[in-house]
Amino acid sequence: MCRINTDPHFKLIKSERANISFGSTVSVIIEDPIEGNMTFNVTLLQEDGAKNVTRLQFINEHMANVTIVNPGSTSNVMPTEPMEIGTYKNDYKLFMDYKLYKQYDDEDYRQINIEFGITKK
């Protein structure tokens, strides 16, 4: 469970749980009948550089890539705070949060919980 589901400032609109490995992608669709659905592609990567980095790249108004780079191998990983990622139904700020769990003793596989929530603009 992430913070959006437990923080009274947010209203949870979508929660997903999936297994993910390095180099693979999990896609989550947020249904928005007013602005159009939005797809978030979440990828886990290992590369040279800083640990526990989250990159958000908008491809267009309906698609974004979220890349989690070099998550720690011995701990659970999450952003410092939920990330503002756009608007929902033209009236709400849309936020995303995730928590990445180490799975078993296999360093290549993790479980990810992804939550999307809203607050008034």
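Checking the stated criteria, residue 29 turns out to be free of Cβ contacts under 8 Å to residues at least 12 places away in the same chain and touching a Ser or Thr at 6+ places or on another chain (Cβ under 8 Å). Of the strands (runs of 3 or more DSSP E) contained entirely in the stretch 10-103, those carrying at least 1 residues that are under 11 Å from residue 116 (Cβ atoms) fall at 11-21, 25-30, 38-45, 83-88, 92-103.
Give the residue that is farthest from the chain's Cα centre (by Cα), with candidates limited to residues of the stretch 28-48 that are among the aliphatic types (A, V, I, L, M) and under 20 Å from residue 110 (Cα atoms).
Let us first name the residues in the stretch 28-48 that are among the aliphatic types (A, V, I, L, M), namely 28-30, 34, 38, 42, 44-45.
Within this subset, residues satisfying the condition of being under 20 Å from residue 110 (Cα atoms) are 28, 42, 44-45.
Working: 28: 9, 42: 7, 44: 11, 45: 14 Å.
That would be 45.
Each reported figure results from applying straightforward, stated rules to the coordinates on display, with no laboratory input. This structure is a prediction, so every number in the text was calculated from the model and none was measured. Neighbour counts are summed over all protein chains in view; Cβ atoms, including those assigned to glycine, are modelled from backbone coordinates with ideal geometry.
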